[in-house]
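Peer 1: Here it is, the structure, as structure tokens.
The values are calculated or read from the model by the stated rules, or taken from the named source; none is laboratory data. This structure is a prediction, so every number in the text was calculated from the model and none was measured. Positions of Cβ are generated from backbone atoms using ideal geometry, with glycine treated the same way; all protein chains shown enter the neighbour counts. Calculation scope for accessible area: heavy atoms of the full protein, side chains included, ligands and nucleic acids excluded. Shrake-Rupley method; radii C 1.70, N 1.55, O 1.52, S 1.80 Å.
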Amino acid sequence: MISSSEYGSHSWELLVTVDHQHEEVQKEFLLRVTGDLHIGGLMLKLVEQIKISQDWSDYALWWEQKKCWLLKTHWTLDKCGVQADAKLFFTTQHKMLRLRLPNMKTVRLKVSFSSMVFKTVSDICKILNIRRSEELSLLKPSEDALKKKKKKEKNSKEPVREDILNLCSSPVSSGLSGSPGLYSKTMTPTYDPISGTPASSTITWFSDSPLTEQTCSILALSHPNCSPETLAEMYQPRTLADKAKLNAGWLDSSRSLMEQGILEDDQLLLRFKYYTFFDLNPKYDAVRINQIYEQARWAILLEEIDCTEEEMLIFAALQAYHVSKLSLSSEAQDFTCESEVDEVEAALSNLEVTLEGGNTSNILEDITDIPKLADNLRLVRPRKLSLKTIKPYWFVFKDTSISYFKNKESAQGEPIEKLNLKGCEVVPDVNVAAKKFAIKLLIPVADGMNEVYLRCENENQYAWWMAACVLASKGKTMADSSYRPEVHKILSFLKMKNWTMSPQAASDPESIDMKPECFVSPRYTKKYKPKQLAARILEAHQNVSQMPVVEAKLRFIQAWQSLPEFGLSYYIVRFKGSKKDDVLGVSYNRLIRIDIATGDPITTWRFSTMKQWNVNWEIRQVAIEFDQNVSIAFTCLSADCKIIHEYIGGYIFLSTRSKDQNETLDEDLFHKLTGGQE
């Protein structure tokens with residue numbers, strides 16, 4: 001019997017379901033509580049009734065109807081809003097989760113389902129030994145990809161068995177601080193910068209970490225490609241609308257996994273969400289470099305990003321005949337590529353003389369005297385109803401604009417036209433084999449984009465002008481310290497494209513060992529026979545054959561970053577006042593409005609000119625204000641507007657990073673910029 005005093009005027013019964021593994025013990029408990037009982041007291045009362053002797057420290061209350069955790073143990077039931085109709089679930093905060101990594105390997109590990117996703121990803125990266133966790137996030141697989149997977153399993157005669165790497169013994173994942181494993185905050189070199197294998201001094205750490213030497217090898221080294229048949233069965237986006245679907249599933253970084261409907265043992269994708277790879281260092285980042293390389297490789301193979309045939313062969317040469325071959329060999333040789341460095345350095349030295357007029361000392365350090373380029377180029381203007389016009393002019397590049405004149409002698413007078421490149425789109429239009437070196441400029445004008453091509457005579461001229469255009473589009477001049485590295489990057493990429501077939505390569509027996517169709521997208525396997533592909537990849541391989549494996553991966557990443565579409569995440573939106581849908585491309589430094597039918601850029605807005613942005617959560621509309629009284633507003637049709645809001649805030653947050661900072665992140669600043677007030 002219960003005494004009448006226990007039935008206080010404000011007491012009521014609350015049903016709590018306990019998630020435990022003891023079959024002989026009941027799972028539902030009816031507790032008599034009052035509104036002024038705090039959450040901690042409720043859990044204590046519950047544990048006393050359960051009468052099971054075990055560690056309950058990881059358990060917390062989950063409110064099923066409200067889809068939220070009750071983690072503030074000092075709050076009362078009244079303050080939380082818990083009443084008699086509430087269904088509470090007493091369950092563990094850390095649960096098993098399957099993660100598909102960028103290299104398509106699946107790991108199973110225990111993660112926090114109650115922490116914000118930003119913190120959960122940080123903990124996951126510590127387990128996997130990936131620095132700069134703020135660049136990654138968790139993504140739900142797209143519905144189209146899941147449909148294709150189910151269809152493949154249905155058509156398969158044998159059940160598809162996924163090879164899962166179990167990392168559930170991790171001390172980090174169990175909620176304890178534990179050993180840092182290979183995640184070194186003291187920045188002791190943990191990898192061989194040449195081969196990417198763990199440094200000998202760190203092997204002894206593996207006994208305390210879920211990353212054994214073998215596991216580390218799976219994460220840090222590249223492995224043989226899948227078969228062409230498997231590649232053909234994987235989901236490939238065909239249109240911009242398809243690409244937009246790939247980005248619809250990003251989880252909200254400011255909410256927990258459980259709050260977003262993720263259940264124990266579900267599968268999510270761990271991907272690099274923000275394409276600003278800060279402070280990549282082979283000594284500490286073998287896993288990170290390999291996973292970025294793998295994400296780039298699969299994006300190219302599945303045609304998630306477009307590239308030319310020439311570029312596809314470079315990517316194939318780097319991954320097929322180099323990274324795969326060296327990763328499979330017992331020891332990666334220490335190659336050097338002095339000749340290439342010498343050629344590029346000579347070109348850069350020549351550039352200094354050109355810019356400064358013969359004086360090569362402190363050329364780019366003197367900010368007061370901004371360098372300029374002047375040379376003969378050809379101007380190409382496409383015409384809609386007639387043939388395009390190609391005319392030679394004398395061009396002068398000064399500050400962030402290009403002026404052109406009839407000839408060198410008339411350069412002292414008024415130019416025929418002055419093109420301001422601030423905020424423009426710069427697209428390479430290069431075919432090294434055909435000696436075509438052109439720069440496509442899409443310059444913002446009142447009614448859209450003005451399309452202009454600059455034709456250069458040779459590689460060096462192209463590299464100087466292309467680098468200047470890239471910087472000018474960001475509002476920077478050639479006096480900026482990033483100009484020389486940009487020229488160096490362009491020249492290196494062009495040198496990789498510039499190959500000739502040697503008799504030795506043609507008879508290389510190694511070409512027979514690998515299936516060339518595994519290393520290019522299905523479009524090219526339909527276009528060429530395997531022997532033709534092998535020969536062309538071997539031609540391209542001549543320029544990368546002297547690289548160590550980690551450098552080859554870094555070159556692959558740099559080549560990927562050089563593609564016009566690199567770093568663009570697409571969303572289908574409807575702009576305010578528009579009657580048709582458009583595609584919005586979100587990049588690390590700009591937003592691009594793209595015609596959904598043609599794929600042509602319409603307008604570009606740079607983050608550097610953005611004054612503020614906000615979201616009207618009632619109508620799910622994003623509004624952004626830029627300099628010069630430019631404002632835009634749009635609703636997102638292919639995903640929740642919170643995803644785009646988080647992308648913009650996330651990129652601004654990442655732009656505040658510096659090498660002077662320690663490894664700790666300002667998590668509060670991230671949530672202020674990305675969280676939103678729904």
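Peer 1: Taking K and R as +1 and D and E as -1, what net charge do the other residues with C-beta under 14 Å from the C-beta of K529 add up to?
Peer 2: +4
Peer 1: Show me the ranking of peptides 111-124, 80-93, 304-317 by mean Cβ neighbours inside 10 Å, starting with the highest.
Peer 2: 111-124, 304-317, 80-93
Peer 1: All other residues with a Cβ under 12 Å from the Cβ of S256 taken together, and with Lys, Arg as +1 and Asp, Glu as -1, what is their net charge?
Peer 2: +2
Peer 1: I would also like to ask the following. Please report, in whole Å³, the volume per residue of the convex hull around the C-alpha atoms of the range 511-667.
Peer 2: Values: hull volume 30.8 nm³, N = 157.
Spread over its residues, the Cα hull of the range 511-667 gives 196 Å³ apiece.
Peer 1: Quick query: amide H of K474 versus all other amide H atoms, modeled in the peptide plane; which residues come in under 5 Å with a sequence gap of 5 or more or a different chain?
Peer 2: Correct list: G423.
Peer 1: Based on the alpha-carbon set only, what is the convex hull volume of the range 232-274 divided per residue, in Å³?
Peer 2: 116 Å³
Peer 1: Using a 1.4 angstrom probe on heavy atoms only, work out the carbon and sulfur share of the accessible area of the range 411-464 in %.
Peer 2: Answer for the range 411-464 is 42 percent, counting heavy atoms of protein chains only.
Peer 1: Got a sec? Which residues in the range 259-276 would a label at Q561 touch, if it sits 7 Å along Cα→Cβ and we count backbone N under 12 Å?
Peer 2: Label zone hits: 275-276.
Peer 1: Ok, one more. Taking the Cα centre of the range 569-674 as origin and charging only Cβ (+1 Lys, Arg; -1 Asp, Glu), how large is the dipole, in debye to the nearest 20?
Peer 2: Details: 13 positive and 14 negative charges, 78 e Å.
Approximately 380 debye in magnitude.
Peer 1: Checking the table K45/K72; K418/K476; K580/K611 against a 20 Å threshold on Cα-Cα, which pairs fail? Before the final figure, lay out each step's value.
Peer 2: Values: K45/K72 16 Å; K418/K476 17 Å; K580/K611 27 Å.
Distance filter (> 20 Å) returns K580/K611.
Peer 1: Would you mind computing, in nm to one decimal, how far apart the modelled labels at Y528 and L665 are, each placed 7 Å from Cα along Cα→Cβ?
Peer 2: It works out to 4.0 nm between the two label points.
Peer 1: Would you mind calculating the gained length between M104 and L637 on full extension (0.36 nm times residue separation, minus the Cα-Cα distance), in nm to one decimal?
Peer 2: 189.0 nm
Peer 1: Classify the range 372-478 as rounded, prolate or oblate from the Cα gyration tensor: take a ≥ b ≥ c as the square roots of its eigenvalues, call it rounded if a/c is under 1.5, otherwise prolate when a/b beats b/c and oblate if not.
Peer 2: Rounded is the answer for the range 372-478, as its axis ratio a/c remains below 1.5.
Peer 1: Moving on. Any of K67/K672; K529/K553; K110/K243; K243/K422; K497/K527 with alpha carbons more than 24 Å apart? Name them for me.
Peer 2: K529/K553; K110/K243; K243/K422
Peer 1: In the neighborhood of K391, defined by Cβ-to-Cβ distances under 9 Å, what is the net charge if each Lys or Arg adds +1 and each Asp or Glu adds -1?
Peer 2: +2
Peer 1: Quick one: putting +1 on the C-beta of Lys and Arg, -1 on the C-beta of Asp and Glu, what dipole do you get for the range 372-478 around its Cα centre, in Debye to the nearest 20? Intermediate results must be reported in sequence, preceding the final value.
Peer 2: Details: 18 positive and 11 negative charges, 38 e Å.
That gives a dipole near 180 debye.
Peer 1: Could I ask something else about it? Sort 40-50, 94-104, 486-496 by the packing proxy (mean of other Cβ within 10 Å over each peptide's residues), most packed first.
Peer 2: 486-496, 94-104, 40-50
Peer 1: Output the peptides 638-644, 562-568 sorted from most to least packed, where packing is the average of other Cβ atoms within 10 Å over each peptide's residues.
Peer 2: 638-644, 562-568
Peer 1: For the range 11-92, what is the relative contact order in percent, using Cα pairs closer than 8 Å and at least 6 residues apart in sequence? Please list the in-between numbers first.
Peer 2: Numbers: 130 pairs, mean separation 33.5, N = 82.
Computed over the range 11-92, the figure is 41 percent.
Peer 1: Ignoring any ligand, DNA or RNA, what whole percent of the accessible area of the range 11-92 comes from carbon and sulfur when the probe is 1.4 angstrom?
Peer 2: Ligands and nucleic acids excluded, carbon and sulfur give 50 percent.
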